[in-house]
Every structure is written in structure tokens, then in C-alpha cells.
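Report on the following structure.
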Amino acid sequence: MERKGFLKSLLFGAVTAPTVLTACDKSSTDITPTEGTTGSVTNPGTSSTACAVAPTETEGPFPTKSPTSYVRSDITDGRTGYKLTAKITIGNSNNGCAALAGAIVDIWHCDATGNYSEYGGSGMQSTNFQSVHFLRGRQVTDANGLVTFTAIFPGWYSGRSTHIHVHIYNANGTSLKVTQIAFPEGAGSAVALMNGYTKGM
């Protein structure tokens, strides 16, 4: 087996996205959510009493135009790349990090080459993908506050670290949080290994 294929099988066959939205710190006792952050927390847990609220981020220049049209768990739509299983847990910072069932979670990200669906033909993205909707999806959290998406590892484009966009709404459709899951970078990280592999393809 070639080294590249071996790395692929080890690191990217069934990668679970880092659950940046899901990290309660049991040692923290004095964390106050900032304005507009109620409803989404990091690392919900049944015995935790304090939560670190995920930071608010921009929706970015490529948000999903009609997210209600894409209720689905597999968002690949035929895009090729390394399989990624993104498990995102949403908790309620006002209720001891309890799982938030019935929340609506939208995610979207670029493909392996750094292009977004629903956009293109402009200076920011020259390739025109306006008529397709790959790597965009919506789900409702289960009783454990969990949604699971099947996707591919997002690529990279100039000026941004590798990331997945997340927009969370309550059951009534009121926006609770817009954030991003950023992947760790640097030598030995999944991002570095994936970038090294794709350059050799």
C-alpha cells in the first residue's frame, strides 16, 4: 500500500469532526454567556454546571440560500474527498448544559478544492457552482442534542483556515448562534496531512 493511501485509510476513513460546539469545562465555575449566545454551548454533559459558549462568528460570504430545502444527513452530493462524519451536540447554557432537543442545525462548507456550492463566477470564487447545493444540510437535534452529518473533509482557500460553518436555530426558527468549527493546523495535524496528500494526487 502506498504511504498516501495508508495515511488516507488511517486518518480520513471515518473522521469525526472536532466537536468545538460541545465542550463543557467541569472545572469552570464562572462562565457567563455573551449576548446572543443562549442555547448553544460547548461540550454538554449531565454533571457539568458551567459551560463555555461557542464564539459567535460570521455567516461568511457563502451562506446557504434556502437552508430549509436541505433537510438531510448525507450532504456530499457526489463531491469527492475524504469521508468526514461530523457529530455536533447542542446544549443549553441556561440549563446546566442539558442537551437541547429539537434545535435546528444548518452546516455548510467548501469542497476539497475550496469551492462552495450556490456561488461562483465572481472574484471570490471563479468556478461557478450556483446551480448545485453540495455540502449543505440541515437536521433537528435528537433527545441528546445531537446531529450527525456525512460529508467530506473541507478544503482550504486563501485567507481562511479549514472550517465548517454552523447556524443554530430554536424549534421556532429563531437564530441562536452562528459559529464555525475550525480544524487544528500545524505539523502533524489532519489538515497538514490532507494538504500534503492532495498536493501529491
So Thr127 ticks every box in (1) more than 15 Å from the chain's Cα centre (by Cα); (2) at pLDDT 95 or above but one. Which box is left unticked?
(2)
Of the conditions (1) of a type in the set (A, V, I, L, M, F, W, C); (2) modelled with pLDDT of 90 or more; (3) surrounded by 15 or more Cβ atoms within 10 Å (Cβ to Cβ), the single one that Ala50 does not satisfy is (2)
Hey, any hits in region 118-129 for a residue that's at negative phi and of a type in the set (D, E, K, R)?
no
Please identify the pairs in which a residue from region 67-93 that is on the phi > 0 side of the Ramachandran plot has its Cβ atom under 6 Å from the Cβ atom of a residue that is small (Gly, Ala, Ser) and part of a loop (DSSP other than H, G, I, E, B), counting only partners at least 6 apart or on another chain.
Gly81/Ala112
Quick check on my filter: what residues within region 139-149 are more than 11 Å from the chain's Cα centre (by Cα) and either at positive phi or among the polar types (S, T, N, Q) (or both)?
Gln139, Thr141, Asn144, Gly145
For Asp111, the lone unmet condition from (1) part of a loop (DSSP other than H, G, I, E, B); (2) surrounded by fewer than 18 Cβ atoms within 10 Å (Cβ to Cβ) is (2)
Only one of (1) under 22 Å from Asn172 (Cα atoms); (2) modelled with pLDDT of 90 or more does not apply to Ser93, and that is (2)
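Table: residues versus (1) closer than 22 Å to Ser175 by Cβ; (2) modelled with pLDDT of 50 or more.
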{"site": "Arg3", "(1), (2)": "no, no"}
{"site": "Ala23", "(1), (2)": "yes, no"}
{"site": "Glu59", "(1), (2)": "yes, yes"}
{"site": "Thr85", "(1), (2)": "no, yes"}
{"site": "Leu100", "(1), (2)": "yes, yes"}
{"site": "Val105", "(1), (2)": "yes, yes"}
{"site": "Tyr116", "(1), (2)": "yes, yes"}
For region 68-82, name all the residues that are farther than 17 Å from Asn172 by Cα and at pLDDT 90 or above.
Tyr70, Arg72, Ser73, Asp74, Ile75, Thr76, Asp77, Gly78, Arg79, Thr80
Among the numbered criteria (1) at pLDDT 90 or above; (2) surrounded by fewer than 19 Cβ atoms within 10 Å (Cβ to Cβ); (3) within 19 Å of Gly60 (Cβ to Cβ), which single criterion is violated by Tyr157?
(1)
Residues within region 126-157 that are assigned to a loop (DSSP other than H, G, I, E, B), in contact (Cβ under 8 Å) with a residue 40 or more places away in the chain and not aliphatic (A, V, I, L, M), tallied:
11
Answer yes if at least one residue in region 163-181 is out of contact with any strand residue (DSSP E or B) (no Cβ under 7 Å at 6 or more places or on another chain), at pLDDT 90 or above and under 12 Å from Ile107 (Cα atoms), and no otherwise.
no
Please state which of the following conditions Ile104 fails to meet, knowing it meets all the rest: (1) surrounded by fewer than 22 Cβ atoms within 10 Å (Cβ to Cβ); (2) of a type outside the set (Gly, Ala, Ser); (3) in contact (Cβ under 8 Å) with a residue 40 or more places away in the chain; (4) more than 22 Å from Pro184 (Cβ to Cβ).
(1)
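The values are calculated or read from the model by the stated rules, or taken from the named source; none is laboratory data. The model shown is predicted, which means the values in this text are computed figures rather than measured ones. Note that each Cβ is placed from the backbone with ideal geometry, even for glycine, and that neighbours are counted across all protein chains shown.
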